Structures are given as structure tokens and as C-alpha cells.
Amino acid sequence: MVQLKINKLCMQFGDRLLFKADALQFAKGDTIFLQGDNGTGKTTLMKVLAGLIPATSGELVWQGQTHTKWWQKSPQLGKLVYLHQHPYLYEGSVKYNLSFAGRHQKMSGKLLAQRVDAAAKMAGLEHLLDANASNLSGGERQRLAIARAWVIQPDLLMLDEPVSNMDKESRRLVLEMVHTLKRQGTGLLVSSHQTCGITALCRQTWQIENQRITSGPFNTEQGSVQEESLHVITS
Ligand SMILES: Nc1ncnc2c1ncn2[C@@H]1O[C@H](COP(=O)(O)OP(=O)(O)OP(=O)(O)O)[C@@H](O)[C@H]1O
């Protein structure tokens, strides 16, 4: 089972305690809605889990191994993906962006070409494959970033405000991509200020409140109502 375990995590900026967590687990197949008011540390937590910034103290255990810098050398690179709400795109075309990680993972050329085509279609970007990624609109950039993750099918995917500032059609396309990944077993950790189609996929919650991160079941009633509309959308 692919999983990331977090033990005795503490995050401070200077003297300011942002959050603490005793024990959390994020595994393949999990669907977790990360909730918390503005400034409670949702983005910071995701960056810590992605290895982009170090925690003040605590332990991250990936596949049974404790490494402070496991993401730099590990064969698991690309297995855990963090998507910021303002995603970084590579200099080059949309196609280059979609192919980049698959090429580095030595995916077969045929499979990569199939997945890049499928991802471009799902993201509604097939007419922009040769366009420079830096010329895309904000919504197109967000769709491209999720499509890029979709190509490599990560085991764990962290989505930071995935549908903020998106119109209805973009939200529908993104939901379809994320739902497909979920069906394929990708674990999801999703931060969002409002419930949406993607949070409706979640069955657990991590709540940051009073500088503590606690986990529990997610309000399934709300989730199931929204998931009904998801079936309509994706069928
Ligand atoms: N590098 C840093 N140095 C000092 N303070 C920081 C740093 N990065 C973030 N912070 C502070 O930590 C707090 C949490 O920021 P973070 O972006 O993680 O919150 P958030 O829960 O994602 O907020 P929002 O819901 O508004 O997006 C904020 O007050 C922010 O200013």
C-alpha cells in the first residue's frame, strides 16, 4: 500500500505556531477534504507533505522509510504530486508540458502519446497542443496542470484550491479528470473553501482548527448528493 505517514508534526514560522498534528495518514485510495479558515496553514501543510518546505519538527514516513529529503532521489518521484492553485508550467508548448513527466518516468512512447492525447481531450486543450503554455488563460493553465498530473497517474495527488476562479465548464472538465484518477485508485487530498464536485468525492476530512490538525469522516450525506450530479456529468 502506497502511503505517507505523518508523526508528531509541528510547523512554526519564527515564534508563530501554525499547526501541530499527532498522527495522520494519507494512502492510495484515500479521499480527504482539507478544511480550515484562511491562513490556518492548508497550503503550508501540502508543501510540507510534498517535501517543498521542511517542517519545524516531526517525521514523514514514505513507504516505511523516513527521509528528510526522500523526494529528491526516490524512485517515488512523480508518485506524489502537489498542484498549487497557481501552477508552475514548463517553458514550452502544451504538449511538452503534458509529456514531460512521462518522458522522465520512461513511459513507453506509445502509451505516453495515448495518455497525452486523452489528457488534452479531457482538459479541453486538444486545439491548443502546440500553443505556448505561457500564453494560456488562468483556467486553461489550471486545467493543463491537472491534465499533466493525469498523464502520469500519481499514487497520491494534492490539489490546492483546484477549482478556484474556474467557470462551470472548466470545473466540469477538472472534476471528470479527478474522478477518473480516483477510480484508478489515486489518493486525493483536496483543499477548497467551498464544497464542490471534487470535495463531494471525499470520504474523510482533515480539519485545521486552533492550530491542531484532526481527522474524521467527511459529511457523506452532502457528498453523496453531489456525487449523484457527478454521475450525470460523467456518464
Ligand atoms: N514562508 C513563510 N514565512 C512566514 N509566514 C508564512 C510563510 N508561508 C506562509 N506563511 C504564513 O502562514 C500562514 C498560513 O499560510 P497558508 O498559505 O498555508 O494558509 P492557507 O490555510 O492555505 O490560507 P488560504 O485559505 O488563505 O489560502 C499565513 O499567515 C501565511 O502568511
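Here are the numbers for this structure:
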read-out	value
Loop-located GluC sites (Glu not before Pro) in region 89-191 whose Cβ has at most 11 other Cβ within 10 Å (DSSP)	GLU91
Shape call, region 125-166: gyration tensor on alpha carbons, a/c limit 1.5	oblate
Cross-link table LYS8/LYS79; LYS42/LYS79; LYS47/LYS168; LYS8/LYS121; LYS20/LYS168; LYS5/LYS95, entries beyond 31 Å C-alpha to C-alpha	LYS8/LYS121; LYS20/LYS168; LYS5/LYS95
Amide H contacts under 5 Å for LEU34, placed H, 5+ residues apart	VAL190, SER191, SER192, TRP206
Choice from ILE53, ILE146, ILE198 with maximal GNM fluctuation in the chain (Cα, 10 Å cutoff)	ILE53
Charge sum, other residues only, whose C-beta stays under 13 Å from GLN25's C-beta, Lys/Arg counted +1 and Asp/Glu -1	-1
Considering only the chain, percent of DSSP beta bridges that pair antiparallel, nearest 5	55 percent
The chain - Rg over Rh from alpha carbon coordinates, Kirkwood radius	0.96
Within the chain, helix-based [θ] at 222 nm, where runs of 4 or more DSSP H residues each add -39,500 (n - 2.57), nearest 500	-11000 deg cm²/dmol
Protection-proxy order for peptides 79-86, 1-8, 154-161, each taking the mean of Cβ atoms within 10 Å per residue, highest first	154-161, 79-86, 1-8
Helix 109-122 axis, angle to the chain major axis (alpha carbon atoms, nearest 10°)	80 degrees
Lys, Arg +1 and Asp, Glu -1 on Cβ, resulting dipole of region 1-159 about Cα centre, debye, nearest 20	360 debye
Angle between the chain longest axis and helix 138-152 axis [Cα atoms, degrees, rounded to 10]	90 degrees
Mean Cα-pair separation over length for the chain, i.e. relative contact order, pairs under 8 Å, 6 or more apart, %	27 percent
Backbone HN-Hα couplings from phi across region 39-52 [Karplus 6.51/-1.76/1.60, Hz, Gly and Pro as x]	x, 7, x, 5, 4, 4, 4, 5, 5, 5, 5, 7, x, 7
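Values in this text are rule-based calculations from the coordinates and carry no lab data. Please read these numbers as outputs of a predicted model, since none were measured by experiment. Cβ atoms come from the backbone with ideal geometry, glycine included; neighbour counts cover every protein chain shown.
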